[in-house]
Amino acid sequence: MTEAAPHADRPGLFRRRRARAGREESGVWYPRFFWQAWAVPGALWLLVLFIVPFYVVVCVAFGTVDLFRNPRPVWQPWYWTASNVTGVYHKIFGAHGFLQPVFVRTFLYVLAASIICLVLGYTVAYYVSRYGGRRKTLFLILLISPFWVSYLMRMLAWVNLLQTDGYVNKVVTFLHLAPRPVAWLEGRPLTVILGLVYGYIPYMILPVYGFLDRIDQNLLEAGRDLGGGPFSTFARVTLPLSKPAILAGLVIVTLPMFGDYYTNNLLSNSPKTTMIGNVLDDAIETGGQVPQGAVFVLILMVLLIIPMMYYMRSTRRSLEEG
């Protein structure tokens, strides 16, 4: 039997000795948790800013209302009541539940808008990173420029364009695509979906572009040298390498879409296109419904934790493989 290599059964000791040797070579010694300690103040601050508001929302959701129908949070968990949760449950899954279509509609709208954002955003990011050349700076300025204008002003611009006498209908009637002006702002799902795409597509383009721009060109040349065509190289090299950027863009785009209510209010304002964000906004604005609005906030948080956890798991796995 061959003799085992030294430290083969003690990998932890070997790593510590190697790290100690590296510190000795650099001439600087740091405590074990020196760099992690720098993140503690920021982590505690973010933790407080999350836990305190979250606990307030929970206390409102499991609380009551006063004589004037104002929310009355209950701070002691042993006094909490589940009446608001039960009321929301019956509104969604009860025999006469009328909110279930709202949740289904929201998922469909967000799914369609996210797919459109991914296809268009990836295409634009790929073109700028590969063929932008000396005009990359100009393209980046054009991509960032929508953030310089208020979201409200951008949506109001779309309202003016989509009105019955707006430029969109003038083009549609001029090209004889429709016999009469289309009522784009009267409860059309397509209008809401395209409004979501317009509002959030910059958040998809920027992270994807930043990742594609950092891909080593030698990898692409190696794929072509091995006989891969343009499409094959893209499918087997570029696309797999850009998976973390795609997931990041989808998370950044999808999460605010679920809670969006402003786009729907401006471009539709119809019960036929109501989303979860609109239901939540109506509950907050209606007297005596704030506790149920807090329950909707908790439901929305649970729904959004799922894609966030998947993104974190995929990112950690890609870092471990890299």
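The values are calculated or read from the model by the stated rules, or taken from the named source; none is laboratory data. All values derive from a computational prediction rather than experimental measurement. Here the Cβ positions follow ideal geometry from the backbone for every residue, glycine too, while neighbour counts run over all protein chains shown.
Computed quantities for the displayed model
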quantity	calculated
Selection count, the stretch 148-157, where residues are loosely packed, with under 12 Cβ neighbours inside 10 Å and either outside any helix (DSSP H, G or I) or touching a residue at least 40 places away in the same chain (Cβ under 8 Å) (or both)	3
Condition met for residue 106 (closer than 30 Å to residue 280 by Cα, in a helix (DSSP H, G or I), among the polar types (S, T, N, Q) and out of contact with any Leu (no Cβ under 6 Å at 6 or more places or on another chain))	yes
Residue match in the stretch 138-145 (condition: part of a helix (DSSP H, G or I) and within 20 Å of residue 191 (Cβ to Cβ))	no
Matching helices (runs of 4 or more DSSP H) fully within the stretch 1-82 where at least 1 residues are at pLDDT 90 or above	40-61
Residues that are over 30 Å from residue 164 (Cα atoms), in contact with a helix residue (DSSP H, G or I) (Cβ under 9 Å, 6 or more places away or on another chain) and in a helix (DSSP H, G or I), drawn from the stretch 191-217	203, 204, 205, 206, 207, 208, 209, 210, 211, 212
Filter result for the condition that a residue is buried (at least 17 other Cβ atoms within 10 Å of the Cβ), touching a residue at least 40 places away in the same chain (Cβ under 8 Å) and more than 25 Å from the chain's Cα centre (by Cα), over 185, 212, 196	185
